[in-house]
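Take a look at the structure set out below.
The values are calculated or read from the model by the stated rules, or taken from the named source; none is laboratory data. It should be emphasised that the depicted structure is a prediction, and the values quoted were computed from it without experimental measurement. Using ideal geometry, Cβ is built from the backbone for each residue, glycine included, and neighbour counts are taken over all protein chains shown.
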């Protein structure tokens, strides 16, 4: 890379950018040229709130930062780009913001049908989580998830045929409740939550014990969340 090139690099990544102008970004609290924290982007030109953007998760915020840096190099204005980003509707059932209710956000990540997807979603959240998880028992080992819970998950509500096994695994470590269906799960999660929390559906397994697929499960979560008064 030459001095005329731009290298957009996630902070902490061991990337050799050569002679290129290097611009770093982070949504994970690392020192960088562009950062995101507490719903604010901080960059060399100032600060910009991101409250109107429906993307959720640190991974999505880092994608946004990288795009902003690249597009700014072509002369685009940060406020204009953020207004455009605010009009983007994330795909359904993938860290999708369903609603805000009494200071809580309800996030539909029903597409998380395996442990890796669930863990990645948890690591991306920047606020305390009330986690709704469970579904079909695929004989997976959920013990590795224990490392991601401290400081992130305040309580769990468990659903589906795997709920008894998950309750045995997780209840010694944090408050856990079981629910017979999604309506009950959302009501229990809302009761367990505090202002500022995220109520997150990220099941970590498939849905076929209760639903025709992850989309139907996500729609059940949406309906239950929207029914809260």
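Residues in segment 27-37 that are free of Cβ contacts under 8 Å to residues at least 40 places away in the same chain and out of contact with any helix residue (DSSP H, G or I) (no Cβ under 7 Å at 6 or more places or on another chain): 29, 30, 31, 32, 33, 35. Exactly one residue out of 124, 120 is buried (at least 18 other Cβ atoms within 10 Å of the Cβ), touching a residue at least 60 places away in the same chain (Cβ under 8 Å), under 21 Å from the mean Cα position of the chain (by Cα) and over 22 Å from residue 187 (Cα atoms), and it is 124.
Among the conditions (1) at pLDDT below 95; (2) part of a loop (DSSP other than H, G, I, E, B), residue 32 misses just one, which is (1). Restricted to segment 62-82, and to residues there that are farther than 18 Å from residue 11 by Cα and in contact (Cβ under 8 Å) with a residue 24 or more places away in the chain, the residue that is farthest from the chain's Cα centre (by Cα) is 73.
So, in segment 63-93, of the ones that are touching a strand residue (DSSP E or B) at 6+ places or on another chain (Cβ under 6 Å) and within 18 Å of residue 30 (Cβ to Cβ), which residue ends up surrounded by the most Cβ atoms within 10 Å (Cβ to Cβ)? The residue in question is 65. Selection of segment 39-61 for residues being in contact (Cβ under 8 Å) with a residue 12 or more places away in the chain and part of a loop (DSSP other than H, G, I, E, B) yields 39, 45, 50, 51, 52, 53, 54, 55, 56, 57. Inspection of segment 46-59 identifies at least one residue that is in contact with a strand residue (DSSP E or B) (Cβ under 8 Å, 6 or more places away or on another chain) and surrounded by fewer than 11 Cβ atoms within 10 Å (Cβ to Cβ).
For segment 210-227, does any single residue satisfy the condition of being more than 18 Å from the chain's Cα centre (by Cα), surrounded by 15 or more Cβ atoms within 10 Å (Cβ to Cβ) and either under 24 Å from residue 102 (Cβ atoms) or modelled with pLDDT under 95 (or both)? Yes, the conditions are met somewhere in segment 210-227.
Is it the case that residue 22 is within 30 Å of residue 227 (Cβ to Cβ) and either assigned by TED's automatic domain parsing to the domain that holds residue 202 or surrounded by 12 or more Cβ atoms within 10 Å (Cβ to Cβ) (or both)?
Details: within 30 Å of residue 227 (Cβ to Cβ): no; either assigned by TED's automatic domain parsing to the domain that holds residue 202 or surrounded by 12 or more Cβ atoms within 10 Å (Cβ to Cβ) (or both): yes.
So residue 22 fails the test.
Considering each residue of segment 182-205, count those that are surrounded by fewer than 19 Cβ atoms within 10 Å (Cβ to Cβ) and either touching a residue at least 60 places away in the same chain (Cβ under 8 Å) or in contact with a helix residue (DSSP H, G or I) (Cβ under 7 Å, 6 or more places away or on another chain) (or both), and give that number. Of the residues in segment 182-205, 5 are surrounded by fewer than 19 Cβ atoms within 10 Å (Cβ to Cβ) and either touching a residue at least 60 places away in the same chain (Cβ under 8 Å) or in contact with a helix residue (DSSP H, G or I) (Cβ under 7 Å, 6 or more places away or on another chain) (or both).
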